[in-house]
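The values are calculated or read from the model by the stated rules, or taken from the named source; none is laboratory data. Here the structure is a predicted model, which means the values were calculated and not measured. Neighbour counts run over all protein chains shown; Cβ positions are idealised from the backbone, glycine included. Keep in mind that these areas ignore ligands, DNA and RNA; they rest on the heavy atoms of the full protein, side chains included. Shrake-Rupley method; radii C 1.70, N 1.55, O 1.52, S 1.80 Å.
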Amino acid sequence: MDVKICDSWKTVLQAEFAKPYFADLVEFVKAEYGRKRVFPAGRNIFRAFDKCPFEQVKVVIIGQYPYHGPGQANGLCFSVNDGVPFPPSLQNIFQEVHTDTGNPVPTTGNLDRWAEQGVLLLNAVLTVREHEAASHAGMGWERFTDAVVNALAGHREGIVYMLWGSYAQKKASFVNPERNCILKTVHPSPLSAYRGFFGCKHFSQANQYLQSRGQEPINW
């Protein structure tokens, strides 16, 4: 199957695209876009990969599924387009960045700038119906994104995995902590952020690890 995705990822994931479940997933997604309002825009489904090629990944952040409100999802987990108000979890992420690194809270929630520095902003499920959280869960995306994490774990090392919440921690539970940097805390949602996300210092720790390996830190 010819999937429109960054060439480096296409090479790594080619076998996955050829599996029957992926063909079924594609048919489901096409049908959903044809009869429902679905986010993100079709051209942005694989945008996280296009913005962060396989060989350039330095940090992985795992979300669950795209924002389901109009005008929010842009293909990168936790990210919204320029001019869109910050969702609560993103507000909390920016607050922790500011507290941890001293960087000012940005004026835009568009995280392209992170992705272009090597941060893979991966949702476990890549599409969602409007106003129906997790509506595309269980249709095959989770298997695909498991393969993404497996590919990184099997072919790359020295990556920082920021695993926020139990869902993300299970998703990457097999990543070797001796070959990578595993940072875990609660989800940045307002429901849990005060139970450990605030003060976790993941952003400075990630940069310390990258610099210890001779890599450029991320400008958060």
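Things worth noting here:
- Residue list for region 33-69, filter: under 13 Å from the mean Cα position of the chain (by Cα), within 18 Å of R129 (Cβ to Cβ) and assigned to a loop (DSSP other than H, G, I, E, B): I45, Q64, Y65, P66, Y67
- So K19, is it of a type outside the set (F, W, Y), surrounded by 13 or more Cβ atoms within 10 Å (Cβ to Cβ) and free of Cβ contacts under 8 Å to residues at least 24 places away in the same chain: yes
- Every test in (1) in contact (Cβ under 8 Å) with a residue 24 or more places away in the chain; (2) open to solvent by 10 Å² or more (accessible area, probe 1.4 Å) is passed by V59 save one, and that test is (2).
- Residue ranges of strands (runs of 3 or more DSSP E) in region 101-205 with at least 1 members charged (D, E, K, R): 181-185
- Restricting the first member to region 157-169 and to residues that are touching a residue at least 40 places away in the same chain (Cβ under 8 Å), and the second to residues that are β-branched (V, I, T) and in a helix (DSSP H, G or I), the beta-carbon pairs closer than 9 Å and six or more apart or on different chains are Y161/V149; W164/I93.
- Matching entry among G165, G158 (being open to solvent by less than 30 Å² (accessible area, probe 1.4 Å) and either touching a helix residue (DSSP H, G or I) at 6+ places or on another chain (Cβ under 9 Å) or among the charged types (D, E, K, R) (or both)): G158
- Close pairs (8 angstrom Cβ cut-off, 6 or more residues apart or separate chains): in contact (Cβ under 8 Å) with a residue 40 or more places away in the chain and under 17 Å from L121 (Cβ atoms) in region 193-220, open to solvent by 70 Å² or more (accessible area, probe 1.4 Å) and not basic (K, R) anywhere: L210/E216
- Across region 70-89, the qualifying residues are those that are in contact (Cβ under 8 Å) with a residue 60 or more places away in the chain and outside any loop (DSSP other than H, G, I, E, B), and the one among them that is farthest from the chain's Cα centre (by Cα) is P88.
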